[in-house]
Structure formats: C-alpha cells, structure tokens
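What follows is a set of notes on a single structure, which appears directly below.
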Amino acid sequence: MSRAQWSAEGLDWPNRASSRFIDTARIRWHVQVMGTGPVLVLLHGTGAATHSWRDLAPLLAERFTVVAPDLPGHGFTTGRPVGGLAMPAMARAVGELLGTLELAPALVVGHSAGAAIGLRMILDGHARPSAVVGLNPALMPFPGLAAKLFPTLARMLFVNPFAPHVVAGLARGPGDAGRYIQQATGSQIDAAGVGFYRRLFSTSDHVSAALTMMAAWDLDALARDLPRIAVPGLLIHGAADAAISLASVNGAAALIPDSRIELLPRLGHLAHEERPAEIASMIQRFATEKMST
C-alpha cells in the first residue's frame, strides 16, 4: 500500500502554511485552518482532499475562520474512526476533530458526499450550525432498478464520479486525467487542480478510502432523515454536473424544510473549483441572510 507523504506529495500543497496535524482517538488529521470570524467547516467529497478548496478557502477566510480537514483515509489524514467510513462514523469523527480544536461551526459547507456528512453531523448532534450549504450535493439514493440489484456499485457510481476508473483514469498522464475529470464531472478545472487529483489517485491508500467510503454509504437512511433538518439550507448545483442530476438535488430540497436551490449554468460537479469567487459570494450572501436572523 502507498500513502500520500507530506514531505513528498504535500511539498507544494495548496495553502500549506495553514496546514496542521491533529490527533484524535484513532485518527491523525490533516486540517487547514485560516481566517478569523465565525467558524465555517468545509467538507470535501469522496476522492478529494483539501486541495479542492485551494481557491475558495482563502476567499471565505476573509470573513470566517475556515476549517477544512482531509476526511479519514483521504489526502494526508490517516486512520479510521470506530464504525469505519460509513456516514455516521465519518460525521462523528469530524465532530470529534472540531471538539479537539475547540471550534463550534456556525456554518457547514459540504461538497458532494461531504454535504451528506455535514447533514449527518447536524442530525446526530455533532454540529449545531446556524445554516448549511451543499455544493453539488449527493444526498438522495441512486434511482432505478440498478440500486436494488447492485447496491454497492450503485452507491459508488452515483456519489463518486471518479469511481468508474478510480485508479486507471486519474493515474495516467496529465492530459488523460484532465479529459477524464471533465467527462466524469462536467467540470473543466485548471492544470494544477488536475495534477493534485492525479497525485492523490496514484496512492493506493487514498483510492482504498474513496472506495471503502462509498461501499458503506447509506443514502436511504439520510433521505428518510432529511425532513428533520432544522437549520436553513442552500443547495448550489452546477447545471452541467455529469455526476449528480438536478432531479436528485430537487428531491433533496423538497425534503429539507427550509431550503432552496441556486443553479449555476454551464458549471459542473466541481463548480467550486471552476468559479470559486462566485461560490464564495453565494455562501457569504446566504450566511449574511441566515446568520443575522
């Protein structure tokens, strides 16, 4: 097995000066903390890491104390929580990290499967923010007969756009990786972003964590619980998302009592990497509206 090394793969990691390593019971976390103000937690999606926030986090740090961890097994975070990489265990683990840091989030922002973790944290009492934001959120069960016949595969394909060629597609040359990301997500990101994804997917530990997380994912239980979300929610969705359909996001919004959708034309699943300034403005406006009431 190979693992991303901070002294090698992390040598030029985005926002490296904001990085620190924090130990909780069974996990050594890589987490980035920057800015001042109300605490905003950023939770990346499956197969990503803190590099996904490379441009967005500094913009949000102008107003917030931004806390962005690599999820267990991803990037430079090592170890597994009790309960493995299932959603409730991941939510509890992030809550324990925040407790260790003595930081209570006022706003939780999650991308893709990270949005599901954020909502699970709220449902299970691991976070009590004033509001929650989902970026191209993966919250609803995979539709159709495939979900009944092949539940593990269905979860992987629906929640993780990198899963079909999780090793081969991103571990090839930079050109191939860039084309694959665009096809799988509908997003066209810069060469540096492609390089960080390719770097992580060349390590077996990162790949294993992404696949293990999705194999244990239970979106049916989350969907049943969404009506209990008691904080306002904003779901931001890229209209060109090749991984998560607008119908899925509409379905989630219909279940979350105080929520709304904002649609971004021409952007894909990695909209926050394509247009970080636009996403930051949307989050800040929503926070101003909901955190001041």
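The table that follows gives values for the structure above.
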| item | result |
| --- | --- |
| Residues satisfying the stated conditions in segment 265-281, i.e. in a loop (DSSP other than H, G, I, E, B) and either more than 15 Å from the chain's Cα centre (by Cα) or of a type in the set (A, V, I, L, M, F, W, C) (or both) | PRO265, ARG266, LEU267, LEU270, ARG275 |
| Pairs, first over 14 Å from THR46 (Cβ atoms) and polar (S, T, N, Q) in segment 199-211, second at pLDDT 85 or above and surrounded by fewer than 22 Cβ atoms within 10 Å (Cβ to Cβ), C-beta under 9 Å, six or more apart | SER202/GLU9; THR203/ARG3; THR203/GLN5; THR203/GLU9; SER204/ARG3 |
| Unmet requirement for VAL66, which otherwise passes all of (1) hydrophobic (A, V, I, L, M, F, W, C); (2) out of contact with any Ser or Thr (no Cβ under 7 Å at 6 or more places or on another chain); (3) at pLDDT below 95 | (3) |
| Subset of segment 12-54 (residues that are at pLDDT 95 or above and loosely packed, with under 12 Cβ neighbours inside 10 Å) | ASP12, ALA17, ARG20, ASP23, THR36 |
| Given (1) part of a strand (DSSP E or B); (2) crowded, with 20+ Cβ neighbours inside 10 Å, index of the condition GLU262 fails | (2) |
| Checking LEU219 against (1) under 21 Å from GLN183 (Cβ atoms); (2) buried (at least 21 other Cβ atoms within 10 Å of the Cβ); (3) not basic (Lys, Arg), the condition it does not meet | (1) |
| Residue in segment 233-244 that is touching a residue at least 40 places away in the same chain (Cβ under 8 Å) and surrounded by fewer than 22 Cβ atoms within 10 Å (Cβ to Cβ) present | yes |
| Pair list, Cβ under 8 Å, 6 or more apart: segment 68-87 residue farther than 14 Å from VAL207 by Cα, other residue part of a loop (DSSP other than H, G, I, E, B) and of a type in the set (Val, Ile, Thr) | PRO69/THR77 |
| Matching option when the condition is surrounded by fewer than 14 Cβ atoms within 10 Å (Cβ to Cβ), in contact (Cβ under 8 Å) with a residue 60 or more places away in the chain and of a type outside the set (A, V, I, L, M), among SER7, SER2 | SER2 |
| Of all residues in segment 90-114 being among the charged types (D, E, K, R) and in a helix (DSSP H, G or I), the one that is surrounded by the fewest Cβ atoms within 10 Å (Cβ to Cβ) | GLU96 |
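The values are calculated or read from the model by the stated rules, or taken from the named source; none is laboratory data. Given the structure is predicted, the values throughout are model-derived calculations rather than measurements. Here the Cβ is made from the backbone with ideal geometry for all residues, glycine too, and neighbour counts use every protein chain on show.
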